[in-house]
Amino acid sequence: MKYLKIVFLFLCSFAFIASSNDFAPNPDTAPGMATVKKKKQRNVIFILTDDHRFDYMGFTGKVPWLETPNMDKLAAEGAYLPNAFVTTSLCSPSRASILTGQFSHAHTIVDNQAPDPGNLTYFPQHLEKAGYQTGFFGKWHMGSHGDEPQPGFTHWESFPGQGVYYNPTLNINGKRVAYKDSTYITDLLTEHAVDWLDKRDKEKPFFMYLSHKAVHAGFQPARRHKGRYKGNKIALPATYDQTKTGKYRDLKWPQWVADQRISWHGVDYMYHDNKDFHAMVVDYCETLLGVDESVGTVMDYLEKEGLDESTLVIYMGDNGFSWGEHGLIDKRHFYEESVKVPLLVRCPELFEGGIRPEQMVQNIDIGPTVLAEAGVKQPENMPGVSFIPILTGDTSAPSRKEIFYEYYWEYDFPMTPTVFGMRTDQYKYMKYQGIWDRNELYDLKNDPDEMYNLIADPDKQDIAKEMSTAIYDWLEETNGMQIPLKRTVKYRFGDYKHKNEH
């Protein structure tokens, strides 16, 4: 009898172990989730930067004097996806789309002031339920939120709003700690992130979200990088002068683009100041050097710990940034340099490095990608897809044929109109709302600079109609036919023409 009991206990233990290895933890409390067949729970590091455009890295050659050795190495050993896009080119909406896997009209954080509606689920919450230890370090800046710890993260370090480059105060798990002595935010966040990795529970998988303030405007490089590129200049883009010379009319650009040249986001009145254009680009590039070193520090730690082969590392920007294209700076608009973001991915255990897939991906794909690698079923309210099949060459996986874009007019920056857009591999269509102006249609294969607006060409009318119809179809299918409004009673921050007017 004693022998039979031992056998019975052994068989029960074996069954439990087999069950634990074959299936993910049951996420009963996660909306839209279900038990799924599980693979190895992969460690993931997601590094997000602010306003880093897709081609400002050394290996792209866009800026010949810019050096980013660690990003270059990440691309050489992994993948660079040159056609990565955001759904809204603005900090808070993009960050909310990354965390929820939803479009802006679905999560309703449509600008930098719109509050969290209180009904959102962030994908790290699903990771927590699946047994992950999760750490957040840096800029949250999602709507009107401050620095308070957010759901989905077992460890939390953040600051309110845009934060500062020097001498920040961090909210560390609910307790605020002030740093002095010229403490540089990029270095501090990196140091704390690596320290958390080093002290983590080695028996559990981890997800780390390192969210830098850099390279947001008000550019301030680390002291060791200040002056590195002093006096350097960039080649002005092909569309830099047209709104100054008047040629934009012949090119059929909208009038709002010309009007914005002398606004907060225009090259002739950048941030309402007569700044030197090239000097500002230099500050931007020097500030980026600290981020590049941060990437190197994280990768060095993974290599030292023997985690560099199996860990999925994703580097991304929250939106792009124009440097003179169409006479504009900053983001919000649907031109390529504003909506494209850098996307570098590395995981030697999954795919060979040195690849540059041309397929289009979006920020709503981050959550599905991470969840897939964690063995967690993707919630039904996430329209994105994992981009791992693109990296592994799996041609049976669905490939995105188009991306959709939305940006909603902001009270503080009335110069940029609401726009809904669609982009395929060849054409881009921009449909404006609430403004007496023309729409835009570009043939990206033959006109990558988006110079010649084809919206009035007789032989392009069918294309414009088809893309416009597709935009409405997308909005209807995703409950986006209503623009979320917020109360705003204050002076307009960016409106220099109407100061002290509500």
Count - residues of segment 159-207 that are closer than 20 Å to residue 222 by Cα, hydrophobic (A, V, I, L, M, F, W, C) and either assigned to a strand (DSSP E or B) or in contact with an Asp or Glu (Cβ under 6 Å, 6 or more places away or on another chain) (or both): 3
Can you tell me which of (1) in a loop (DSSP other than H, G, I, E, B); (2) over 30 Å from residue 494 (Cα atoms); (3) touching a residue at least 24 places away in the same chain (Cβ under 8 Å); (4) under 22 Å from the mean Cα position of the chain (by Cα) is the one residue 385 doesn't meet? (3)
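Only one of these is crowded, with 24+ Cβ neighbours inside 10 Å and under 21 Å from residue 188 (Cα atoms): 85, 136, 46. Name it.
Checking each option against the conditions leaves just 136.
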Taking the criterion of being under 30 Å from residue 453 (Cβ atoms), open to solvent by 40 Å² or more (accessible area, probe 1.4 Å) and modelled with pLDDT of 95 or more, would at least one residue in segment 310-317 satisfy it? no
Subset of segment 462-497 (residues that are in contact with a strand residue (DSSP E or B) (Cβ under 8 Å, 6 or more places away or on another chain), under 18 Å from residue 102 (Cβ atoms) and either among the hydroxyl-bearing types (Ser, Thr, Tyr) or assigned to a helix (DSSP H, G or I) (or both)): 471, 474, 475
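Residue-by-condition table, conditions (1) at pLDDT 95 or above; (2) surrounded by 15 or more Cβ atoms within 10 Å (Cβ to Cβ); (3) among the aromatic types (Phe, Trp, Tyr):
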| position | (1), (2), (3) |
| --- | --- |
| 408 | yes, yes, yes |
| 415 | no, yes, no |
| 423 | yes, yes, no |
| 429 | yes, yes, yes |
| 448 | yes, no, no |
| 454 | yes, yes, no |
| 462 | yes, no, no |
| 467 | yes, yes, no |
| 474 | yes, yes, yes |
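Residue-by-condition table, conditions (1) under 19 Å from the mean Cα position of the chain (by Cα); (2) assigned to a helix (DSSP H, G or I); (3) modelled with pLDDT under 95; (4) aliphatic (A, V, I, L, M):
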| residue | (1), (2), (3), (4) |
| --- | --- |
| 3 | no, yes, yes, no |
| 11 | no, yes, yes, yes |
| 20 | no, yes, yes, no |
| 33 | no, no, yes, yes |
| 40 | no, no, yes, no |
| 47 | yes, no, no, yes |
| 62 | no, no, no, no |
| 88 | yes, no, no, no |
| 96 | yes, yes, no, yes |
Subset of segment 262-309 (residues that are in a helix (DSSP H, G or I), open to solvent by 10 Å² or more (accessible area, probe 1.4 Å), at pLDDT 95 or above and over 21 Å from residue 185 (Cα atoms)): 277, 278, 279, 303, 304
Options 153, 137: the member that is modelled with pLDDT of 95 or more, farther than 23 Å from residue 382 by Cβ and either of a type in the set (A, V, I, L, M, F, W, C) or touching a strand residue (DSSP E or B) at 6+ places or on another chain (Cβ under 8 Å) (or both): 137
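The values are calculated or read from the model by the stated rules, or taken from the named source; none is laboratory data. On a predicted model such as this, the values are computed, not experimentally measured, just so you know. All Cβ positions, glycine included, derive from the backbone under ideal geometry; neighbour counts span all protein chains shown. Note: accessible area is taken over every heavy atom of the protein model, side chains too, but ligands, DNA and RNA are not part of it. Shrake-Rupley method; radii C 1.70, N 1.55, O 1.52, S 1.80 Å.
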